[in-house]
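Read the structure below first, then the notes.
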Amino acid sequence: MLTYPAPERNKAPILEVLRRILPARGRVLEIASGTGQHVVHFAQGLPAFTWLPSDPEPDHRESIRERVTQAGLANVQPPLALDVLERPWPVQSVDAIVCINMIHIAPWAAGLALLEEAARLLPAGGVLYLYGPYRRHGAHTAPSNEAFDADLRRRNAQWGVRDLEEVERVAGSFGLALREIVEMPANNLSVVFSTPFQAP
């Protein structure tokens with residue numbers, strides 16, 4: 001069972017945001033679930049939801065399975081082998097989508113696919129929650145984020161901290177509206193998008 005320090009640090013602050021912005025109940029798809037630390041914490045804290053973890057990496061999916069079994073959770077489904085770039089996604093309908101620390105450690109094409117598929121899958125009033133570091137108006141929000149961005153781009157030229165305004169623009173082109181931005185610990189942001197409610 002894999003354990004990383006970042007999810008242990010940020011899972012509690014993220015849960016507090018999710019408590020407020022998610023619908024009352026439903027199915028929540030987590031993209032790039034990694035070790036399963038987040039989804040187990042969220043499923044314990046928000047038991048009214050059915051949680052659908054996913055990850056393209058087999059070792060991550062095995063870690064998720066072991067962690068969910070150890071926690072004895074009945075509201076977490078088996079992890080999906082989901083790569084955002086491989087479409088159609090292996091899920092039919094969800095009420096919300098959560099994606100933590102992915103779009104900066106992936107090609108921008110992955111971010112585009114995430115936004116487009118979220119707009120397609122989510123119902124009226126559905127929520128897309130993103131978490132991670134972002135540039136604001138073309139500038140980094142902290143020296144640590146600038147150093148992190150440089151390190152990411154050294155590792156892979158297609159990676160990097162994204163401009164929030166560009167993410168918002170692309171999301172809007174798919175019909176997702178920026179609902180809220182929440183400042184989080186360690187110079188990260190919670191970014192909440194939603195699909196429009198249908199007119200009566």
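Taking first residues from segment 18-36 that are within 13 Å of residue 127 (Cβ to Cβ) and partners that are hydrophobic (A, V, I, L, M, F, W, C) and part of a helix (DSSP H, G or I), the Cβ contacts under 6 Å between residues at least 6 apart in sequence or on separate chains come to 30/39. Look at (1) in contact (Cβ under 8 Å) with a residue 40 or more places away in the chain; (2) more than 29 Å from residue 148 (Cβ to Cβ); (3) not in a loop (DSSP other than H, G, I, E, B) and you find that residue 94 fails only one, number (3). Residue count for segment 27-73, restricted to those that are among the aliphatic types (A, V, I, L, M), assigned to a helix (DSSP H, G or I) and under 17 Å from residue 2 (Cα atoms): 5. Taken over segment 113-164, the criterion of being among the acidic types (Asp, Glu) and over 30 Å from residue 27 (Cβ atoms) is satisfied by 146, 149, 151, 163.
When segment 137-163 is limited to residues that are surrounded by 12 or more Cβ atoms within 10 Å (Cβ to Cβ) and out of contact with any helix residue (DSSP H, G or I) (no Cβ under 8 Å at 6 or more places or on another chain), the one that is farthest from residue 186 (Cα to Cα) turns out to be 153.
Within segment 115-133, the set of residues being more than 19 Å from residue 18 (Cα to Cα) and buried (at least 21 other Cβ atoms within 10 Å of the Cβ) comprises just one member, 117. Being of a type outside the set (Gly, Ala, Ser), farther than 22 Å from residue 160 by Cα and touching a helix residue (DSSP H, G or I) at 6+ places or on another chain (Cβ under 9 Å) is a condition met by no residue of segment 99-122. Where in segment 109-200 are there strands (runs of 3 or more DSSP E), lying fully within it, with 1 or more residues that are under 16 Å from the mean Cα position of the chain (by Cα) and within 18 Å of residue 89 (Cβ to Cβ)? Where strands (runs of 3 or more DSSP E) fall fully within segment 109-200 and carry at least 1 residues being under 16 Å from the mean Cα position of the chain (by Cα) and within 18 Å of residue 89 (Cβ to Cβ), they are 127-132, 188-194. All told, residue 60 falls short of being surrounded by 15 or more Cβ atoms within 10 Å (Cβ to Cβ) and touching an Asp or Glu at 6+ places or on another chain (Cβ under 9 Å). For segment 15-26, the set of residues classified as within 21 Å of residue 195 (Cβ to Cβ) and either part of a helix (DSSP H, G or I) or aromatic (Phe, Trp, Tyr) (or both) consists of 17, 18, 19, 20, 21, listed by residue number. Scanning segment 182-200 for residues that are out of contact with any Phe, Trp or Tyr (no Cβ under 7 Å at 6 or more places or on another chain), without any contact (Cβ under 8 Å) to a residue 60 or more places away in the chain and either farther than 23 Å from residue 9 by Cβ or surrounded by 14 or more Cβ atoms within 10 Å (Cβ to Cβ) (or both) gives 187, 199, 200. Going by the conditions given, is residue 96 surrounded by fewer than 19 Cβ atoms within 10 Å (Cβ to Cβ), closer than 19 Å to residue 192 by Cα, out of contact with any helix residue (DSSP H, G or I) (no Cβ under 7 Å at 6 or more places or on another chain) and aliphatic (A, V, I, L, M)? Criteria not met by residue 96.
Values in this text are rule-based calculations from the coordinates and carry no lab data. Just so we're clear, the structure is a prediction, and the values are computed from it rather than from any experiment. Every residue, glycine as well, gets a Cβ built from its backbone with ideal geometry; the counts of neighbours run over all protein chains shown.
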